Amino acid sequence: MVGPSSQVSKMLLSLLFLLIAFFAWMDVNLYIRIQDYPIRDTDPFLLAANSTLLKPAPAGSHPSTVTSPLLAASSSMPLQLNRHIVRYEDVAWVNCDLNPLCDVTVKAMMLDHTNHYLFAPIATIVDNVAGFSQGDLVTPNMISFFHVFVAIAAGRMIASDSLGYRRIGVVLFQFRTFLDDLDGHVARAKKHIRGERSDIGSAGYYIDGICDGLGCIALMIGVFVFLKNNPPRRGYTQLQSIIPVSESKSGSESGVIYKVKVTTKKVARKVLCYTGMLVLSSTGWNRYIAIYQDMLERENVTPAQYLHQESVFRSTGFFVIAWLWRIFNVHALLHFLLLSVFCDKLWEYLRMIQYAGYVALLVIISFAEMHLLGVQTFIYKSLTVNNTSL
């Protein structure tokens with residue numbers, strides 16, 4: 001066991017703080033990238049600007065004004081280019097194969113920090129070396145099935161009485177999380193899909209979801225077994241002496257009461273509460289990814305609707321909602337749980353988040369629902385009404 005004052009513990013704590021600082025720095029860069037550069041390569045502003053570079057500008061035109069026939073068709077007013085016309089990948093320091101900021105999607109913005117900023121680039125490197133997406137020897141579904149067995153092994157280790165074995169179980173489950181990211185990367189690479197996107201409705205989408213669910217079940221079973229075998233100090237009744245329950249008419253004892261392990265029920269209650277929290281988080285997270293992805297990344301829209309899509313994508317409100325889902329999505333909750341196991345603070349964490357986690361999720365869901373109503377009206381319904389009135 002690594003003591004709390006040991007050098008290893010201090011190094012791990014320093015690494016955790018550095019990781020948090022790195023995630024915060026990447027979030028700031030993500031916000032700047034969204035605000036200052038085209039989000040998609042099909043951006044009409046970008047296409048119009050590039051087309052003007054191929055021919056002389058009309059006499060008397062302002063150099064900062066770019067009028068696209070596609071965009072001008074939706075408005076009687078000429079549209080001015082008020083943002084950078086270069087692509088982000090042209091100015092990025094890191095190649096876009098490894099840079100998680102290049103391809104901005106709804107899912108990428110709502111993905112937890114560890115998967116987005118660490119595991120996704122590593123999955124790209126592994127795929128480039130192993131060539132999984134270039135052949136049929138290893139399929140995404142095979143990776144999904146394999147990480148279920150890794151999760152079972154991790155759950156078995158986390159159920160151990162030894163802190164060292166539990167920490168190995170944490171590392172194993174994080175390896176399972178990486179494999180979950182790898183199977184998604186390979187699936188998208190085979191279909192030539194750039195960036196983080198959910199291929200909703202496909203067989204791989206449901207297989208991946210089922211395998212993720214089985215992995216979470218294995219982890220929670222391991223957590224329950226560990227807490228049941230190693231109960232916390234608080235919550236258990238003191239050993240009680242044997243006392244008579246009832247006496248017969250002759251005065252002889254007919255029954256006794258033994259001590260009752262109250263905490264076993266408390267352990268089950270807290271583990272079930274956290275499991276329910278994971279289910280609620282997963283359901284809400286996948287729901288909003290699907291809805292926002294359809295609303296903000298739909299391509300068969302009018303030019304005016306496209307501009308409204310981009311406006312919502314760049315809005316602070318959407319960024320805040322997406323960032324909150326980064327913190328409270330199912331993957332982030334699993335990371336927090338594993339961190340508590342690694343630090344040997346599992347029971348304290350479950351007690352702290354038992355009710356607060358549900359409150360936070362319900363607040364985020366409420367904000368997301370209100371935002372969705374406004375976005376739908378802004379992008380589609382308002383335009384329909386305006387066009388009808390004209």
Within the stretch 305-317, does at least one residue satisfy the condition of being under 30 Å from Gly169 (Cα atoms) and in a helix (DSSP H, G or I)?
no
Given the structure, is Asp212 open to solvent by less than 50 Å² (accessible area, probe 1.4 Å), within 20 Å of the chain's Cα centre (by Cα) and among the charged types (D, E, K, R)?
yes
Candidate set: the stretch 124-146, residues that are of a type in the set (A, V, I, L, M) and part of a helix (DSSP H, G or I); chosen: the one least open to solvent (accessible area, probe 1.4 Å)
Ile143
Can you name the condition, by its number, that Leu334 falls short on among (1) assigned to a helix (DSSP H, G or I); (2) at pLDDT below 95; (3) of a type outside the set (Ser, Thr, Tyr)?
(2)
Qualifying positions in the stretch 147-205 - among the basic types (Lys, Arg), more than 18 Å from Phe119 (Cβ to Cβ) and part of a loop (DSSP other than H, G, I, E, B):
Lys191
If the requirement is being out of contact with any Ser or Thr (no Cβ under 6 Å at 6 or more places or on another chain), open to solvent by less than 30 Å² (accessible area, probe 1.4 Å) and under 23 Å from Ala159 (Cβ atoms), which of these qualifies: Leu278, Leu272, Leu296?
Leu278
Residues within the stretch 95-132 that are under 16 Å from Arg33 (Cα atoms) and of a type in the set (Asp, Glu), tallied
1
Only listed residue being in contact (Cβ under 8 Å) with a residue 24 or more places away in the chain and aliphatic (A, V, I, L, M), chosen from Leu137, Leu172, Leu179
Leu179
Which condition does Phe313 not pass, out of (1) open to solvent by less than 10 Å² (accessible area, probe 1.4 Å); (2) under 20 Å from Asn115 (Cβ atoms); (3) over 17 Å from the mean Cα position of the chain (by Cα), if it passes all the others?
(2)
What's the number of the only condition in (1) at pLDDT below 90; (2) under 30 Å from His185 (Cβ atoms); (3) of a type in the set (D, E, K, R) that Asp127 fails to meet?
(1)
Restricting to the stretch 81-137, what's the tally of residues that are among the aromatic types (Phe, Trp, Tyr) and under 16 Å from the mean Cα position of the chain (by Cα)?
2
Filter the stretch 189-201 down to the residues that are open to solvent by less than 30 Å² (accessible area, probe 1.4 Å) and at negative phi and list them by number.
Glu196, Ser198
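The values are calculated or read from the model by the stated rules, or taken from the named source; none is laboratory data. Bear in mind that the values here come from a model prediction, so they are computed numbers and not experimental data. Don't worry about glycine lacking a Cβ; one is built from the backbone with ideal geometry, like all the others, and counts go over all protein chains shown. The accessibility values were calculated without ligands, DNA or RNA, using every heavy atom of the protein model including side chains. Shrake-Rupley method; radii C 1.70, N 1.55, O 1.52, S 1.80 Å.
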